[in-house]
C-alpha cells in the first residue's frame, strides 16, 4: 500500500503542476480496484469519475479538463498532449514532415565530416600539388578604357563635318581616305590629324615655325608651335583633355623609323656602349653573344602576347606586338609595346620595347608606371623575354644589360642595329616628362626552347 500511495501522490502532484493528464499503460486489476476503475471495488474505492466513458488504455485523473471527441464523446488533456508531442515519443513520427526531419538530422550529422574532408583536400592541394589557387579568383583582363582616347573619339564624332571641311582645305581635290583620316598623321610629328585640327596646326607641317623640333615636341616643352612663345591656356586645355603626349612621342618615333632611308638597321656600324666603358664592335658575330639565328619572325606567334620579366625591378608585364601606331593608346594600357618595324626579340637586330614611366592619375590601367624605375636597372643585370612559337611552345630569351643612354624622341640612333640580338627597353624620361627617352640596352646571352 505504501508503494501505491506514493504513485498516487506523484500522479496528483504532476497533475497540479502541469494541469495535463499523463498517458499510462492499462492499469492492473489491483490498481483498478483501488482507484475505482472497476465498479466491483465497492465502497472502499475513491470516486475518480468512474462513471465517465474512458478510452481503453487512457487513465484520467480527477479535476483535469475533459474535451469532447468525435468518436468517444470525450477527449481528455492527456490525449491532446500525446497528439501534439508525438515526435517526442520513441519510434513515432509526425504524420507530416517526418522524412524531412530525418533528412535534416542526417545532413546535420554529416556536416562535420564533410568539413574535415574539405579542409584536408585544401591542405593537400596547397602543400603537395602545383595547383594555383590565385588563378581561381583572377579576373580575365577587360578591354582597357583610355579616358583621353574616349573623349577624343566622342568629340571627333560630333565635329566630323567641320573636320573634313578643314583638312580638305589643305589639299587640292583630295580623294585618298588615308590623307583625310582623322586618326592618321600626315606630318609625322606624332599628333593625329584631328588633334592638329583642334590645335589649329597645319596637318602637313612637321615643324611649323622652324623651331628645330616637331610641333608635338614644342607642345611637350610648353612652347606654342604657332608663335614660339608660351603655350596658351586653350592649347593646354586641349592637351590635358584630348592628347597623351607620351603616345604622340611614340608615334613620332615610329614614323621616323619607318620613313624611307631612316629605317632601323641602316647603320650596321653603330657601336653599343658596354657597362665597363668599352665599346662592343658592331662586327661581333651573333654566335659570340649566344644569339640563335634559328629564331625568325615567321616562327613567332605574334597573336599571343609575349612577357618581359625584370626580377630586380619586380617587373612582370605582357609584351604587346603592336601592328599599327593607332593602337598605341590602348596597347600601352595592357602592357609594354613592341615597335612595329623593329626586330622581334631573338632576331639579329634591335628589338625596341617601350612602356609608361608615368601617366595621369585618372588614367585606367595596370601599367601606367611599369617603367618608372627603369633608370635603376643596373649594368650587367639580367632580364628575360618569353615568346610563344607558332608550334605553341614557349621560347625563353635571357638578356644582360650592356648600357644605357638618353635620346631625343626622334633620334634614330636608338633604333640602329649592331649585328647582334639586342632588346632596347625605352620610356619617357625624366618621370613625368616626355622631353627625352631613356633607353636601356640588353644583349641576348641564352636561349631556352
Which of the peptides 209-220, 429-440 is most tightly packed, and how do the rest follow, going by the mean number of other Cβ atoms within 10 Å of each residue?
-> 209-220, 429-440
Which FRET efficiency value, to the nearest 0.05, is calculated for residue 204 and residue 161 with the Förster distance at 25 angstrom and r the Cβ-Cβ distance?
-> 0.75
For residue 301 and residue 109, what is the calculated FRET efficiency with R₀ set at 41 Å and r taken between the beta-carbons, to the nearest 0.05?
-> 0.15
Using every Cα-Cα pair within segment 185-240, state what percent have a distance larger than 17 Å.
-> 23
Please give the length that would be gained between residue 150 and residue 176 if that part of the chain were fully extended, namely 0.36 nm times their separation in residues minus their C-alpha to C-alpha distance (nm, one decimal).
-> 6.8 nm
Express in nm, to one decimal, how much length is gained between residue 446 and residue 221 on full extension, taking 0.36 nm for each residue of separation and deducting their alpha carbon distance.
-> 76.9 nm
Taking 0.36 nm per residue of separation and subtracting the Cα-Cα distance, what length does fully extending residue 101 through residue 431 add?
-> 111.9 nm
Cα Rg, Dmax (largest Cα-Cα span) when computed across segment 147-243, Å = 13.1, 37
For segment 335-449, how big is the tail of P(r) above 26 Å, as a whole percent of Cα pairs?
-> 19
Take each of the peptides 385-394, 178-187, 332-341, 239-248, average the number of other beta-carbon atoms within 10 Å over its residues, and list them starting from the highest.
-> 332-341, 239-248, 178-187, 385-394
Could you please rank 119, 423, placing first whichever residue has the fewest other Cβ atoms within 10 Å of its Cβ?
-> 119, 423
For residue 382 paired with residue 327, estimate the spin-label separation in nm (one decimal), with each label point 7 Å from Cα along the Cα-to-Cβ line.
-> 3.2
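Only the coordinates and a few stated rules stand behind these numbers; no lab work does. Just so we're clear, the structure is a prediction, and the values are computed from it rather than from any experiment. Neighbour counts run over all protein chains shown; Cβ positions are idealised from the backbone, glycine included.
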